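Taking it in order: structure first as structure tokens, then the write-up.
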Amino acid sequence: MIHVRELYHSYGHNDTYQVKNVSFDITRGEIFGFLGPNGAGKSTTQKIMTGLLPLQRGYVELAGQDMGHIDRQIFNKIGVAFEQANLYGKLTGLENLQFHAGLYGVPTIDPMALLIRLDLEEAANKRVSTYSKGMQQRLALARSLLNNPEILFLDEPTSGLDPSSARSVKELIREKQTEGVTIFLTTHDMHVAEELCNRVAFINAGEIVALDSPRELKLRYGERTLLIENRVNGHIESLILDQNKDDDRRHLLALMQAGSVETVHSQEATLEAVFIALTGRGLD
């Protein structure tokens with residue numbers, strides 16, 4: 001469904017690249033996470049893929065369309081919701097959706113139905129300038145769904161949302177996946193990626209440093225540790241043992257044989273810990 005090969009981009013049109021040799025494939029119905037800190041190249045890659053930035057070097061194909069030679073019909077097949085909502089503040093939420101629905105050359109979903117689905121029906125006839133950031137984010141998501149897209153690009157889809165709204169948005173993303181929609185999700189929120197993504201790519205300083213399922217990345221690069229609560233002289237002591245180290249495994253066996261272990265809890269590595277291990281930097 002999506003093919004990206006040896007993608008490069010330089011805003012200065014020189015040898016300083018914001019995106020360098022980026023390649024990946026995404027299958028139909030997959031949720032693909034593109035993860036990294038601010039400034040890593042996530043949004044630049046997404047803008048090239050959606051035609052908002054010119055393709056300088058490399059190859060991008062969406063649903064059979066070469067994005068180096070864009071046929072505008074491709075925009076009937078994709079939906080985009082950026083972190084900056086870019087809505088018309090003087091129009092109501094309903095008017096925003098009605099206006100954008102008229103731009104497509106394919107049948108669109110009833111705007112009011114989308115507003116209801118995203119809990120915005122009570123604000124449908126209010127000016128968007130009065131909306132909170134979270135409401136604007138949900139309206140931008142509704143706008144991206146108007147044309148029943150085959151490919152959905154989401155940039156920080158839960159940013160600025162309260163826990164209830166974030167949960168609703170994640171449920172909607174999963175629904176779209178079950179309908180066969182391919183979803184390209186850019187974020188620096190590793191918890192969202194772990195919940196939603198089939199595979200993730202870590203991008204740092206414009207380059208992909210790892211690409212696999214969250215589970216495989218955590219198994220391959222993360223430390224598998226155990227939190228042990230051990231009774232010593234009537235008191236509980238906690239210690240962390242690494243399952244990959246022979247000495248720690250022997251220590252655990254000795255404690256178990258002594259009968260002093262109260263509890264054992266496995267501690268799986270997080271995607272964020274793996275990212276830090278691979279890049280030496282955090283996600284802020």
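The values are calculated or read from the model by the stated rules, or taken from the named source; none is laboratory data. Everything numeric here is computed off the predicted structure, so don't read it as measured data. Every residue, glycine among them, receives a Cβ derived from its backbone with ideal geometry; neighbour counts consider all protein chains shown. Areas reflect the complete protein model, heavy atoms only, side chains present, ligands, DNA and RNA absent. Shrake-Rupley method; radii C 1.70, N 1.55, O 1.52, S 1.80 Å.
Remarks
- Pairs from the table (47/170; 47/126; 47/77) lying more than 20 angstrom apart at Cα are 47/170; 47/126.
- Diffusion coefficient, µm² s⁻¹, Stokes-Einstein with Kirkwood Rh over alpha-carbon pairs of the range 162-215 at 4 °C and 1.567 mPa s: 105
- Using bins of 10 Å that start at zero, the share of Cα-Cα pairs per bin across the chain amounts to 6, 24, 28, 20, 11, 7, 3, 0, in whole %.
- When all protein chains stay in place and ligands, DNA and RNA are ignored, the 1.4 Å accessible-area order of 150, 207, 30, largest first, is 207, 150, 30.
- Whole-Å semi-axes of the range 36-162's equivalent ellipsoid (Cα gyration tensor): 27, 18, 11
- A simple packing score, the average count of other Cβ atoms within 10 Å per residue, orders the peptides 85-94, 139-148 as 139-148, 85-94, with the highest score first.
- In order along the range 181-189, the Karplus-derived 3J(HN,Hα) couplings, from 6.51 cos²θ - 1.76 cosθ + 1.60 at θ = phi - 60°, round to 6, 8, 10, 9, 10, 9, 6, 10, 9 Hz, and Gly and Pro are given as x.
- Highest average packing first - 153-161, 10-18, Cβ atoms within 10 Å: 153-161, 10-18
- Solvent-accessible area per residue, Å², over the range 151-280 with all protein chains present [probe radius 1.4 Å]: 51
- For residue 106, the accessible surface of its heavy atoms amounts to roughly 50 Å² (probe 1.4 Å, protein chains only, rounded to the nearest 10).
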